[in-house]
Amino acid sequence: MRRSEFLRAVNLEFGPRASTVTNDLVLDALGGRTAADALEAGLSPRDIWLALCAEMDVPADRRYGVGRLEPRRR
């Protein structure tokens with residue numbers, strides 16, 4: 001997962017709360033960091049996404065492949 005995919009996934013899942021969730025929610029799984037702090041520290045966006053999903057009880061079927069763009073059609 002790339003950083004852009006992470007940000008897209010957060011926006012799709014949390015909508016207007018996305019900024020609050022990434023900037024204010026402290027995640028124990030990330031060493032007491034917020035998602036934004038973890039990104040800045042260089043942690044994997046995929047690991048951050050999964051920690052965020054676990055904390056926010058996002059169903060498993062919405063955790064994988066989220067944030068990816070649909071392939072372009074020719």
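Read the figures in this text as sums done on the coordinates, not as results from a lab. If you're wondering where the values come from, they're calculated on a predicted model, not measured in any experiment. Reconstructed Cβ throughout: ideal geometry from the backbone, glycine too, with neighbour counts over all protein chains shown.
Working note: Karplus 6.51/-1.76/1.60 with θ = phi - 60° gives the range 47-61 the couplings 5, 5, 4, 5, 5, 5, 4, 5, 5, 9, 6, 6, x, 4, 6 Hz, where Gly and Pro are set to x. Working note: 222 nm ellipticity from helices only, DSSP H runs with n ≥ 4, each -39,500 (n - 2.57), summed and divided by the residues of the chain, gives -13500 deg cm²/dmol to the nearest 500. The string of couplings for the range 10-19 from the Karplus curve (6.51, -1.76, 1.60, θ = phi - 60°) is 4, 5, 5, 6, 10, x, x, 8, 4, 5 Hz, one whole number per residue in order, with x for Gly and Pro.
Comparing the chain with the 2.2 N^0.38 Å rule of thumb, its C-alpha radius of gyration ratio is 1.08 (two decimals). Taking amide H atoms as placed 1.01 Å from N in the peptide plane, the amide H of Thr34 lies under 5 Å from those of Leu27, each 5 or more residues away in sequence or on another chain. Using θ = phi - 60° in the Karplus curve 6.51 cos²θ - 1.76 cosθ + 1.60, the 3J(HN,Hα) couplings for the range 22-30 round to 7, 9, 10, 7, 8, 10, 4, 5, 10 Hz; x is entered for Gly and Pro.
Around the Cα centre of the chain, unit charges on the Cβ atoms of Lys, Arg, Asp and Glu (plus for the first two, minus for the last two) sum to a dipole of about 640 debye.
Positive-end ranking of Leu7, Ala38, Val26 along the dipole of the chain, with charges on Cβ about the Cα centre, is headed by Leu7.
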